[in-house]
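Quick notes on the structure that follows.
The values are calculated or read from the model by the stated rules, or taken from the named source; none is laboratory data. Given the structure is predicted, the values throughout are model-derived calculations rather than measurements. Cβ coordinates were reconstructed from backbone atoms using ideal geometry, including for glycine residues, and neighbour counts include every protein chain displayed.
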Amino acid sequence: MSQHPKLAILGFGTMGQAISAGLVEASGYPAGLIHAVDLHPAAGKARAEALGIRLSREAEAAAREAEVVLLCVKPRELKDLLDGLTAAGALGHRPLVVSIAAGTTLAFLADHTPGATPLVRAMPNTPCAIRKGMTVLAPGKGVTEAQLAAARALFEPLGRVMDLDEKHMDAVTGLSASGPAFMFVILESLAEGGVQCGLPRAVAVELAAQMTLGAASMVLETGRHPAALKDEVTTPAGCTIAGLMVLEDGRIRSVVARGIERATQVAAGLG
Ligand SMILES: NC(=O)c1ccc[n+]([C@@H]2O[C@H](COP(=O)([O-])OP(=O)(O)OC[C@H]3O[C@@H](n4cnc5c(N)ncnc54)[C@H](OP(=O)(O)O)[C@@H]3O)[C@@H](O)[C@H]2O)c1
């Protein structure tokens, strides 16, 4: 497959736009090779024009020409879309089909595409829009190294990429795809604490965000366990352990962990 395969992006909403922007702006993907499709293209028109990509309502035409078809519609919209493309013969040339739909299994995708279509499940997140994303890929049966590399090349400009077995995809969805929303609530709460203690709100938000970025970067860059890094901040009888006791009283660990568990359960039912 060529370095920049002809790409159809079906669904130009939050994720379709985020991925398109990352590809064109960060990886220098030639905009002329991307054909985005949406049911209501007017909503994404300005974004598509700014990126220089084609945006239409023509899913069949886009798929027919594409070497890679990236599915960015909601899980409930996938069946009709794929059945329509298959019936029209628009996937007859067996393009690589990459789906980012939550809870939608490779088996489901195989049931609604022509036999022997190479399939990859991907789970990105919204920080892909600023190239700080996390994407996990799960290849279907028979996907070649070159095809998986082509899928990887779509997401690598948008942040980190990891390959995992499909059995983990719902947990990935609950953790790293839903996770930005959880972190925004936690960030908001951290900032509220600063405001409660007299900091101007804008200052509190900036301190909370940069501190969160720094803490996350320490985990990724040192490879050390978060508990060890936490212990280093925690002086005996100091202010940090006093704050931690209050968080533990509120069962912060189980509340956050159960939130991921619940999101995972719901993700599993979305397909
Ligand atoms: N949002 C996230 O954080 C996130 C993270 C990881 C994965 N995902 C997955 O990404 C997928 C897209 O999510 P999203 O948040 O980007 O949704 P979204 O903003 O609703 O975008 C989906 C777009 O697809 C369009 N569409 C629907 N049916 C179509 C069809 N047959 N042909 C072409 N376009 C069609 C919709 O148009 P209309 O609205 O005009 O009908 C909408 O613009 C979902 O499957 C989700 O599970 C989302």
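The figures follow:
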read-out: Total residues in region 84-138, condition touching a Pro at 6+ places or on another chain (Cβ under 7 Å), without any contact (Cβ under 8 Å) to a residue 60 or more places away in the chain and not in a strand (DSSP E or B); value: 6
read-out: Ala171 vs. criteria surrounded by 12 or more Cβ atoms within 10 Å (Cβ to Cβ) and in a helix (DSSP H, G or I); value: yes
read-out: Looking only at region 40-59, and only at residues there that are farther than 14 Å from Leu23 by Cβ and surrounded by fewer than 13 Cβ atoms within 10 Å (Cβ to Cβ), the one that is nearest to the ligand (Cβ to nearest atom); value: His40
read-out: Any pair with Cβ under 8 angstrom, 6 or more apart, that starts in region 213-236 at a residue that is within 26 Å of Ile130 (Cβ to Cβ) and ends at one that is basic (Lys, Arg) and surrounded by 10 or more Cβ atoms within 10 Å (Cβ to Cβ); value: Met218/Arg224
read-out: Evaluation of Gly269 against (1) farther than 23 Å from Ile19 by Cα; (2) modelled with pLDDT of 95 or more; (3) part of a helix (DSSP H, G or I) (one fails), failing number; value: (2)
read-out: Hits in region 147-160 - residues which are within 12 Å of the chain's Cα centre (by Cα) and over 12 Å from Val98 (Cβ atoms); value: Glu156, Leu158, Gly159, Arg160
read-out: When residues of region 4-39 are limited to those that are in contact (Cβ under 8 Å) with a residue 40 or more places away in the chain, assigned to a loop (DSSP other than H, G, I, E, B) and in contact with a Lys or Arg (Cβ under 9 Å, 6 or more places away or on another chain), the one farthest from the ligand (Cβ to nearest atom); value: Phe12
read-out: Filter result (modelled with pLDDT of 95 or more and more than 27 Å from Phe182 (Cα to Cα)) within region 121-143; value: Pro139, Gly140, Val143
